[in-house]
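Visitor: What follows is a structure written as structure tokens; I'll ask about it next.
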There are 4 protein chains.
Amino acid sequence: MSKVTLLIHCPDTSGIISAVTSFFYKKEGNIIYIDQYVDVENKIFFMRLESEFEHDLAIEDFQNEFNRELGTPYNMHWEIFTSGSKLRMALFVSKYDHCLYDILGRYKSGELNIELPMIISNHDELRPIAESFDIPFYHIPVKKNKKAEAESRQLELLQKEHIDFIVLARYMQIVSENLISAYPNQIINIHHSFLPAFAGARPYHFAYKRGVKIIGATCHYVTGELDAGPIIEQDISRISHSHSVKDLILKGRDLEKIVLARGIKLHLERKTLVYNNKTIVFI
Amino acid sequence: MSKVTLLIHCPDTSGIISAVTSFFYKKEGNIIYIDQYVDVENKIFFMRLESEFEHDLAIEDFQNEFNRELGTPYNMHWEIFTSGSKLRMALFVSKYDHCLYDILGRYKSGELNIELPMIISNHDELRPIAESFDIPFYHIPVKKNKKAEAESRQLELLQKEHIDFIVLARYMQIVSENLISAYPNQIINIHHSFLPAFAGARPYHFAYKRGVKIIGATCHYVTGELDAGPIIEQDISRISHSHSVKDLILKGRDLEKIVLARGIKLHLERKTLVYNNKTIVFI
Amino acid sequence: MSKVTLLIHCPDTSGIISAVTSFFYKKEGNIIYIDQYVDVENKIFFMRLESEFEHDLAIEDFQNEFNRELGTPYNMHWEIFTSGSKLRMALFVSKYDHCLYDILGRYKSGELNIELPMIISNHDELRPIAESFDIPFYHIPVKKNKKAEAESRQLELLQKEHIDFIVLARYMQIVSENLISAYPNQIINIHHSFLPAFAGARPYHFAYKRGVKIIGATCHYVTGELDAGPIIEQDISRISHSHSVKDLILKGRDLEKIVLARGIKLHLERKTLVYNNKTIVFI
Amino acid sequence: MSKVTLLIHCPDTSGIISAVTSFFYKKEGNIIYIDQYVDVENKIFFMRLESEFEHDLAIEDFQNEFNRELGTPYNMHWEIFTSGSKLRMALFVSKYDHCLYDILGRYKSGELNIELPMIISNHDELRPIAESFDIPFYHIPVKKNKKAEAESRQLELLQKEHIDFIVLARYMQIVSENLISAYPNQIINIHHSFLPAFAGARPYHFAYKRGVKIIGATCHYVTGELDAGPIIEQDISRISHSHSVKDLILKGRDLEKIVLARGIKLHLERKTLVYNNKTIVFI
């Protein structure tokens, strides 16, 4: 048995759903998930579909045929994934360990269906954690005027290990255009505020100063503009005047790790589709 | 232009989605919403679809053709609604006024796309509210041994006014089988607890006694078994040890009115499908 | 029996709690609520206390004595309220009716312990609602170059009716310094975003554009800087990519009315204390 | 400098707050937290107070004096804790690892101010996790007719290691009266439902069957009656018809670990007070 996941977006026109579902029916696929969305303003059609096949699928033939019959005629951007191979993830950290512990725990307990061949950090402090979980740890310091150098070492490692996507688990550095363009919509960050409020550094300090009654966390894809990429997931937690900045930081830890984990899972399960700096999240 | 909403459930088999969407394509319908769900255990397929047509639709012909080509072959339970006519709702109340005020405000401001030809109550206290909103108010007392009599008066009124569905807005009476069978899955109740906890009378008292840290409200369809019908919507609110029963009742008012309003809207928009004492809610 | 509520803030020093509680004990008061907060950074002490007395209290003597024994020595800002008299509230609205309906329903059902002698609006559309609830309605148009004129008519009315505090229930005008200084920390606004995100006009449009996964509402005291006053209460609601701006506006209505109502109640019950553009909320 | 935390409950009478705060003032303590609660029905007074002292405190003298001046006269149950020593916690697990990973991560990152000298399990599967975190792991099988034997081995270990409190982190066994009476209100359990709904085994299966729209988790102290002990903390997560039992189990993992961690912290920080099978939680 095989299973494929299809993601498409294309100019909206009538008959797409019928054409796509008929194609899968003809191929003897059983559709177990279908969802679509139309951006009415921009006339764009988006769709996610999962289908099971009782027979083994020659995936390349399938993709070619899909492209010929549907992709090209409908001018689609499409992706067809099979469930066979695990995505390879790289984890970037600095000194905070709560998201690291959380992701490693989920990884070890089988909750995340990934390969995790490396943790990269600009500091050496978290190495013992990586080692206790048996994950290779690379300390790549990022010095003031030698950021480009550090990033080229990072890129080399990422490519050598065939990394598919990157998770910044409270990595306290701004990643540069170079890395972003090598992994477009494949770098996931957790920001410790409900964006767009409190973008940039020290959001808990500013939240405290403003006297908000809720704090938040935002998981988003990284783009060239700081904390302005497509949002995957957000959540919040109630606070009161009695919470100090230190309390907010502590309370925020749980929020950050939960929201980041949800974002990673949505990405892994191919439930996100980025368009126009926004994220379609099929659930 | 016309718009139809289709709800179906039938034995699960492959090709249904393709068949249905092709039917709508052939009829020149533009599908603007599609969602489906398969109860894998019981092998039942559920689907909701919205389609727009540029031309006016002869709805009876359309329904007949749908039934011939799809309904009968696939052994479907199906419903096709047009957006033309408003549902006619009856409101049952007793002495609590918060849900009543909330629904009337929503009705008057155009938030609920309904006709509201009657409010029925077993007490006369809320009559002035009905009158200030210009809604006919019927006081039908429910006496100990004359419940059947009261219900037959209710039924008579409901039928005379061609009522489509009933909302029990903190109506403090148990409705009998007679009414329920006349309106199967068409009577919506709000219960002031997160069911199945605290079914029956005085849930806030029992919540206080148990020392829970959250209270809830549940909107559900009424069935013969008290507070055990298919759940449409639930929500909760945090409380603490410092809240008295009176505080819970007060805090619960907002919860009750919001959850009930959400349930009414889901029902109105044909987003609910009842099966096996559970509710499929398409959102 | 009488009941008083005490609110104080003063430079932090040791012994305040002991001194205050001893004062109430000496006066035969039974303390039924006490909460305090220290702004450690600025060394300010805040406290809220409720006390019941079995005898009738000569409130002016009590206040004088409190001031002599505690207020002056500890350099306190203090307020002592009795439960006797109701606060008089003015409601400002424009064309949106959902918060208006909600507040009027709460008022009529006795949920808000206030007098409500007036609704002021820059438009005449909502007059029928005011009339159906028997509340005097004043239509004071606010024309481009004659805002000052309109505000002086407002102020005149407010003073004539001895208004204690003002609620802007989706009043779509910026109120000027003149009104703000007449009612410092006594004008409550509801803003339809989780501030500080999306301050200013059309927050739902900007939320949609940014692709956030949560929308919010913020109840705050009005200050000279737009949407930057002390926050009383906030809450949020989850949304998805599939929600249009119109959906957000609809979904936001419930959020706005609930958050505004909570803010009004906190203010009414003397549970808020403003300091440094932040709100201490004693709950 | 020293810091003490005081917890009391006693028959309600006037003057307690004044008497207690005066005592601390006399002792040159600076009160940094005070909260109280009165169970009006049963006329019981509860209070939590934190005080800092610039000098070192002879804690036994302090306690004796407190008891003589206040404890005995007011008939108080009181506890005075110093911040000096860490509580010693034992962790009970079976085969589920998500709560275990979460607690160990928090422990290692310094978020939990405890000693953790042992993990006890009725199965051997999780031993490698304990070892990778360097925590002694004791495999004590619980066989059908030899439960008493297993428990006496557990008790022996607990006493040998001077364990203060026990956390059942998805320990799938019912603990017996013997253990409970040795650790009254000192055994913390996480139950995977919003109690009192779905007490007992397989709550996610029953939640699925009932068709609820929210699932929950409850952290509570263990008493002789299954899942009926004093509730410390609860939280919920929204679900839909489309979630299978397996989905609920997965979704519930995050809920369980967060709610359990919150409960542990409240216990650790002496913020809970048990009375009448309910928990006063001072926050």
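The values are calculated or read from the model by the stated rules, or taken from the named source; none is laboratory data. Predicted model, so just to flag it, every value in this text is computed and none were measured. Every residue, glycine among them, receives a Cβ derived from its backbone with ideal geometry; neighbour counts consider all protein chains shown. With ligands, DNA and RNA removed, areas are computed over all heavy atoms of the protein, side chains included. Shrake-Rupley method; radii C 1.70, N 1.55, O 1.52, S 1.80 Å.
Visitor: Sort through C:Leu179, C:Leu168, C:Leu126 and tell me the only one that's surrounded by 16 or more Cβ atoms within 10 Å (Cβ to Cβ), in contact (Cβ under 8 Å) with a residue 24 or more places away in the chain, within 22 Å of C:Lys257 (Cβ to Cβ) and touching an Asp or Glu at 6+ places or on another chain (Cβ under 7 Å).
Guide: From the options C:Leu179, C:Leu168, C:Leu126, the qualifying one is C:Leu126.
Visitor: So in the range A:234-277, with the set limited to residues that are touching a helix residue (DSSP H, G or I) at 6+ places or on another chain (Cβ under 8 Å) and among the β-branched types (Val, Ile, Thr), which one is farthest from D:Ser237 (Cα to Cα)?
Guide: A:Val245
Visitor: Now for a different question. Any residue at all in the range A:50-58 that is assigned to a strand (DSSP E or B), among the aliphatic types (A, V, I, L, M) and at pLDDT below 95?
Guide: no
Visitor: Would you check which residues across the range D:12-49 are in a loop (DSSP other than H, G, I, E, B) and in contact with a helix residue (DSSP H, G or I) (Cβ under 9 Å, 6 or more places away or on another chain) and list them?
Guide: Scanning the range D:12-49 gives D:Ser14, D:Gly15, D:Lys27.
Visitor: Also: Would you check if there is a residue in the range B:66-83 being over 21 Å from B:Arg270 (Cβ atoms) and crowded, with 19+ Cβ neighbours inside 10 Å?
Guide: Taking every residue of the range B:66-83 in turn, none turns out to be over 21 Å from B:Arg270 (Cβ atoms) and crowded, with 19+ Cβ neighbours inside 10 Å.
Visitor: With the checklist (1) assigned by TED's automatic domain parsing to the domain that holds C:Ala169; (2) open to solvent by less than 20 Å² (accessible area, probe 1.4 Å); (3) in contact with a helix residue (DSSP H, G or I) (Cβ under 8 Å, 6 or more places away or on another chain) in hand, flag the one item C:Asp97 doesn't pass.
Guide: Going through the list (1) assigned by TED's automatic domain parsing to the domain that holds C:Ala169; (2) open to solvent by less than 20 Å² (accessible area, probe 1.4 Å); (3) in contact with a helix residue (DSSP H, G or I) (Cβ under 8 Å, 6 or more places away or on another chain), C:Asp97 breaks only (2).
Visitor: With a cut-off of at least 2 residues that are more than 14 Å from chain B (Cβ to nearest Cβ), name the strands (runs of 3 or more DSSP E) lying wholly within the range D:182-254.
Guide: Hits in the range D:182-254: D:187-191.
Visitor: Moving to a separate point now. Quick one: is A:Asp35 in contact (Cβ under 8 Å) with a residue 60 or more places away in the chain and at the interface with chain B (Cβ under 9 Å from one of its Cβ atoms)?
Guide: Judged against the criteria, A:Asp35 is a match.
Visitor: I'm told D:His162 meets every condition in (1) in contact with a strand residue (DSSP E or B) (Cβ under 9 Å, 6 or more places away or on another chain); (2) away from chain A (no Cβ under 14 Å); (3) surrounded by 13 or more Cβ atoms within 10 Å (Cβ to Cβ) except one. Can you identify the failing condition by its number?
Guide: (3)
Visitor: Step by step: first the residues of the range D:259-268, then only those that are touching a strand residue (DSSP E or B) at 6+ places or on another chain (Cβ under 8 Å) and open to solvent by 20 Å² or more (accessible area, probe 1.4 Å), then the one that is nearest to the other protein chains (Cβ to nearest Cβ). Which residue is that?
Guide: Looking at the filtered set, the residue picked out is D:Arg262.
Visitor: Please enumerate the residues belonging to the range A:68-90 that are closer than 24 Å to A:Phe165 by Cβ and polar (S, T, N, Q).
Guide: A:Thr82, A:Ser83, A:Ser85
Visitor: Taking the options B:Gly216, B:Gly224, B:Gly252, name whichever one is at pLDDT below 95 and more than 15 Å from the chain's Cα centre (by Cα).
Guide: Among B:Gly216, B:Gly224, B:Gly252, only B:Gly224 is at pLDDT below 95 and more than 15 Å from the chain's Cα centre (by Cα).
Visitor: Just to be sure, is B:Ile120 open to solvent by less than 10 Å² (accessible area, probe 1.4 Å), within 30 Å of C:Gly110 (Cβ to Cβ) and in the same structural domain as B:Ala201 (by TED's automatic domain parsing)?
Guide: So B:Ile120 fits the description; yes.
Visitor: Take the residues in the range B:133-153 that are touching a helix residue (DSSP H, G or I) at 6+ places or on another chain (Cβ under 8 Å) and open to solvent by less than 40 Å² (accessible area, probe 1.4 Å), then tell me which one is farthest from the other protein chains (Cβ to nearest Cβ).
Guide: B:Glu151
Visitor: Just to be sure I understand, how many residues within the range B:76-106 are without any contact (Cβ under 8 Å) to a residue 24 or more places away in the chain and within 16 Å of the chain's Cα centre (by Cα)?
Guide: Adding up the residues that qualify gives 0.
Visitor: Looking at B:Glu115, is it modelled with pLDDT of 95 or more, open to solvent by 70 Å² or more (accessible area, probe 1.4 Å) and away from chain C (no Cβ under 12 Å)?
Guide: yes
Visitor: With the requirement that a residue be buried (at least 24 other Cβ atoms within 10 Å of the Cβ) and in contact with a His (Cβ under 6 Å, 6 or more places away or on another chain), what does the range A:204-231 give you?
Guide: A:Ala217, A:Thr218, A:Gly229, A:Ile231
Visitor: Next question. Report, by residue number, each residue of the range D:47-64 that is among the acidic types (Asp, Glu) and free of Cβ contacts under 8 Å to residues at least 40 places away in the same chain.
Guide: D:Glu60, D:Asp61, listed by residue number.
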